[in-house]
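Engineer: Let me begin by handing over the structure; questions about it come next.
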Amino acid sequence: MRTNDEVAALLAEYADLLAITGGDAFRIRSYEKAARSVAGYPQDLAQVDPAELARIPNVGRAIAAKIRDYLGTGHIRQLEALRTKVPDGVRRLTGVPGLGPKRAMVLYTERGIDSVDELAAATAAGRLEGLPGFGPKSEENLLRGIELVRKSAGRIRIDTAMDLAAELITRLSAVPGCIRCAYAGSLRRMRDTIGDVDILAVAADPAALMTAFRELPLAAEVIASGEAKTSIRTTDGIQADLRVVPEGSWGAALLYFTGSQAHNVRLREMAIHRGLKLSEYGLFDAGTGTGTGAPLAAATEEDVYQALGLPWIPPPLREDSGEIEAAQRGELPVLVTEADLRGDLHTHTNLTDGVASLTDMLEAAAARGYAYYAVTDHAPNLFMQRMTDEKMLSQRAEVRRLDGQFGGMRLLHGTELNIGPDGEVDWPAEFLDGFDLCVASVHSHFTQPREEMTRRMLRAVENPHVAILGHPTTRKIGRRPPVDADLDAVYKACARTGTAIEIDAYPDRLDLSAEHVRLARRHGVRFSIDSDAHAVGHLAAMRYGIGTAQRGWLSPDEVINTWPLDRLTAFLDAGRTRAS
DNA sequence: GCCGTTTTCGGCCCGACTGTTTTCAGTCG
């Protein structure tokens, strides 16, 4: 984990514990704001002059001192003290949707409940009856919330897994005798959540690599360790497996450990039909047995696929959901890649809830080589952001002034509108005319009945000013289910009105999901892959949006922000006239 | 606890929904 993320996590924990113990609301807010600022701060905190810490926005004397304590000693005294008062399980209770700090504390003090499991048991046993604030309806909601939390239990966000994998590979690659090292598993397939991190390696001295893995500073526990495989649990509670394989079977092993299991099963069946046998050691004649005799193919994935009569299949497609048939017909899609992207069409600044200034965001975007970039801060109906016409127009003037000044990048001025309960959006049409593009998203009233939600989304899509439907299902992975709507009808309407559907790349959204991307593209819909960045570092989340798009079988031509600017603007203009 | 300035302390993201509370607290975005 980056130092900044470690510090941010501790500050956020401190805020949570203050909230649970009934601290001052503004003080709590200060720690939350500081946590977000630190997480979004571009410089590595470990490299920042200690005296300069307080110059980070929302970090003052007290919080700077705590950060210095952490950087110096690895601890924050005041946090340790609070931890002794509130079990970590009580904090985790607040992760249950609908359960906040106040009622979590009531559960703990009145009923001794300090884990989600205990809450489930207590609810089932009727032990919450008579507890103030816990009526029959809220019990029902809690049970639903517990279900959601449990479904995501044990799985982590893809960026968390990717960061861990990167660190493991860096460290293992530095071990003498490490010849190859790569991640496999669902991470390589770019699933939206990851169970455990699989690392594959080739080493001149496998035992030495295993030892190095077991002795990593981030290895909190060794679950199992042998000659070919070692499993650890990290200090963050994530399981990571290291498998060392012979160099000659690298491709077969990478294929095997990348999965999916369903994809592997299909490949093995194909092998059997050809009188062959496929294992993680290679593709063999069925008679010769595993690992004995020279494999027919094993060194690279391409070799193995080719020996089975297939082209190489990109990992995001390996789910046995039609990719093998497509490969046999020679009809695998040419998948969109990060290099195809020419711009980002949904981003924020500190004018609303971002933590970076306009120029900082532009500088970082230009460094990514974008040809164009849209600034789309929140609109006034998201009341907490306090947007006004004046602020928006002033930002527009600034965006116009800066156009072309960051690596020649063309700037678009947009906004992220709120889709109200009835499908209305912010601002009258005359004001919306002034924007280069409008993203529109649902930010409230998530639990409307299906009919109502569908009408609401259709109305937004049919609004001629709406160019992109932002994070369409509004799911938050592990925290909020997707909205209930007739999405098929929404996709049809998007195709008809020339409204692009967003793949929000932010790792806790990844919305649309890959499954829905595949459903939507059948209607000929266009997509926009956007970072929804609220900080400089978030711009790089694009890779996860690309992963989701690839899992959804998307080609560059289906993604509007791979297009040259003139084609993009033509699409935006056409949408304004075709809709409604 | 931070910020900005009024340079020493007042204002801070504001409004709505939900369920249970008989007048509003907790939670969320």
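Engineer: Tell me, what is the percent relative contact order of the range A:156-244, built from C-alpha pairs under 8 Å that lie six or more residues apart?
Structural biologist: Over the range A:156-244, the number comes to 25 percent.
Engineer: If amide H atoms are built 1.01 Å from N in the plane of the peptide, which residues on other chains or at least 5 residues away come under 5 Å of the amide H of residue A:533?
Structural biologist: A:348
Engineer: Same structure again: Using θ = phi - 60° and the Karplus relation 6.51 cos²θ - 1.76 cosθ + 1.60, list the HN-Hα couplings for the range A:18-30 in order, rounded to whole Hz, with x at every Gly or Pro.
Structural biologist: 4, 5, 5, 8, x, x, 4, 4, 6, 5, 4, 4, 4
Engineer: Find which of A:261, A:310, A:294 sits farthest along the positive direction of the dipole of the range A:250-329, computed with +1 on the beta-carbon of Lys and Arg, -1 on that of Asp and Glu, about the Cα centre.
Structural biologist: In the range A:250-329, that residue is A:294.
Engineer: Ok, one more. Can you give me the accessible area per residue for chain A, using a 1.4 Å probe, in Å²?
Structural biologist: For chain A, the per-residue accessible area is 43 Å².
Engineer: To continue, here is another question. I want the local charge near residue A:502. Using Cβ-Cβ distances under 14 Å, sum +1 for each Lys or Arg and -1 for each Asp or Glu among the other residues.
Structural biologist: For residues surrounding residue A:502, the net value is -3.
Engineer: Another question about this same structure. Ordered by packing density, taken as the mean number of other Cβ atoms within 10 Å over each peptide's residues, highest first, how do A:442-450, A:201-209 rank?
Structural biologist: A:201-209, A:442-450
Engineer: Once the other residues with Cβ under 15 Å from the Cβ of residue A:550 are scored (Lys, Arg +1; Asp, Glu -1), what is the net sum?
Structural biologist: That sum, taken over residues with Cβ under 15 Å, equals 0.
Engineer: Stick to Cα atoms and the Kirkwood definition of Rh, then tell me Rg/Rh for chain A. Mind showing how you got there, number by number?
Structural biologist: Values: Rg = 25.7 Å, Rh = 26.2 Å.
Answer for chain A: 0.98.
Engineer: Does anything in the range A:122-164 have its amide N under 18 Å from the 7 Å Cα→Cβ label point of residue A:261, and if so which residues?
Structural biologist: A:151-156
Engineer: Ordering A:454, A:109, A:359 by how much accessible area each has at a 1.4 Å probe, largest first, what is the list?
Structural biologist: I get A:109, A:359, A:454, largest accessible area first.
Engineer: Tell me the net charge near residue A:485. Cut-off is 10 Å between Cβ atoms, residue A:485 excluded, with +1 for each Lys or Arg and -1 for each Asp or Glu.
Structural biologist: Within the 10 Å Cβ shell, the charges total -2.
Engineer: Something else: Once the whole set of protein chains is in place, how much accessible area is left on residue A:312, using a 1.4 Å probe, in Å² to the nearest 10?
Structural biologist: Looks like 100 Å² after rounding.
Engineer: Okay, next question. Can you tally the lysine pairs in the range A:3-152 where the Cα-Cα distance is under 25 Å and the two residues are eight or more apart, or on different chains?
Structural biologist: Numbers: A:33/A:66; A:33/A:85; A:33/A:102; A:66/A:85; A:85/A:102; A:102/A:137; A:102/A:151; A:137/A:151.
Number of lysine pairs found: 8.
Engineer: Quote the FRET efficiency, to the nearest 0.05, computed for residue A:285 versus residue A:329 with a Förster distance R0 of 35 Å and r equal to the Cβ-Cβ distance.
Structural biologist: Details: r = 27 Å, r/R0 = 0.78.
With R0 = 35 Å, the Cβ-Cβ based efficiency is 0.80.
Engineer: On to the next question. Counting alpha carbon pairs within less than 8 Å and at least 6 residues apart, what relative contact order, in whole percent, applies to the range A:338-577?
Structural biologist: The value is 20 percent.
Engineer: Long-range amide H contacts for residue A:279: which residues qualify at under 5 Å (H placed 1.01 Å from N, peptide plane, sequence gap of 5 or more or a different chain)?
Structural biologist: It is A:284, by chain and number.
Engineer: Across the range A:200-211, in residue order, what do the Karplus-derived ³J(HN,Hα) couplings come to in whole Hz, using 6.51 cos²θ - 1.76 cosθ + 1.60 with θ = phi - 60° and x for Gly and Pro?
Structural biologist: My calculation for the range A:200-211 gives 10, 9, 10, 9, 5, 10, x, 4, 5, 5, 4, 4 Hz in order.
Engineer: Moving on to the next point. Considering amide H positions built from the backbone, and no H for Pro or chain starts, which residues 5 or more places from residue A:526, or on another chain, come under 5 Å of its amide H?
Structural biologist: A:501
Engineer: Same structure again: For the range A:338-577, which semi-axes, largest first and in whole Å, follow from the square roots of 5 times the eigenvalues of its Cα gyration tensor?
Structural biologist: 24, 20, 17
Engineer: Follow-up question, since we're still on this one. For residue A:77, put the label point 7 Å out on the Cα→Cβ axis and report which residues of the range A:1-33 keep their amide N under 14 Å from it.
Structural biologist: none
Engineer: Explain nothing, just the number: relative contact order of chain A, from Cα pairs under 8 Å at least 6 residues apart, as a whole percent.
Structural biologist: It comes to 10 percent, rounded to a whole number.
Engineer: Okay, next question. To the nearest 0.05, how large is the calculated FRET efficiency for residue A:140 and residue A:515 if R₀ is 30 Å and r is the Cβ-Cβ distance?
Structural biologist: Once the sixth-power term is evaluated, E becomes 0.60.
Engineer: Expressed as a whole percentage, what fraction of the accessible surface of the range A:501-556 belongs to carbon and sulfur atoms when a 1.4 Å probe is rolled over the protein heavy atoms?
Structural biologist: Roughly 48 percent, rounded to a whole number.
Engineer: With a 1.4 Å probe and all protein chains left in place, how much of the accessible area of the range A:153-224 comes from carbon and sulfur atoms, in whole percent? Intermediate results must be reported in sequence, preceding the final value.
Structural biologist: Numbers: 1530 of 3010 Å².
Here it works out to 51 percent.
Engineer: Residue by residue through the range A:420-431, which ³J(HN,Hα) values in whole Hz follow from phi under the Karplus form 6.51 cos²θ - 1.76 cosθ + 1.60 (θ = phi - 60°), with glycine and proline marked x?
Structural biologist: Karplus-based 3J(HN,Hα) across the range A:420-431 equals x, x, 9, x, 6, 10, 5, 6, x, 4, 4, 6 Hz.
Engineer: Okay, next question. Within straight cross-link reach of residue A:476, meaning Cα distance under 17 Å, which aspartates and glutamates are found once same-chain residues fewer than 8 apart are removed?
Structural biologist: By straight Cα distance, residue A:476 reaches A:147, A:159, A:192, A:484, A:502, A:504, A:508, A:511, A:515, A:530, A:532.
Engineer: Let me ask something else. Mind checking which aspartates and glutamates have their Cα closer than 15 Å to the Cα of residue A:391? Skip sequence neighbours fewer than 8 apart in that chain.
Structural biologist: Once the sequence-local aspartates and glutamates are set aside, what remains near residue A:391 is A:353, A:377, A:416, A:426.
Engineer: Taking every DSSP beta bridge with both residues inside chain A, roughly what % is antiparallel (nearest 5)?
Structural biologist: Antiparallel bridges: around 45 percent, rounded to the nearest 5.
Engineer: A further question on this structure: Can you tell me the length gained on complete extension of the stretch residue A:150 to residue A:117, counting 0.36 nm per residue apart and subtracting the Cα distance?
Structural biologist: So the extension gain works out to 11.0 nm.
Engineer: Which lysines, on any chain, are close to residue A:277 with Cα under 26 Å apart, when same-chain ones fewer than 8 places away are left out?
Structural biologist: Candidates past the 8-residue exclusion: A:229.
The values are calculated or read from the model by the stated rules, or taken from the named source; none is laboratory data. Just so we're clear, the structure is a prediction, and the values are computed from it rather than from any experiment. For neighbour counting, all protein chains shown are included, and Cβ atoms are generated from backbone atoms with ideal geometry for every residue, glycine included. Ligands, DNA and RNA are stripped out before the accessible areas are found, and what is left, the full protein with its side chains, is counted by its heavy atoms. Shrake-Rupley method; radii C 1.70, N 1.55, O 1.52, S 1.80 Å.
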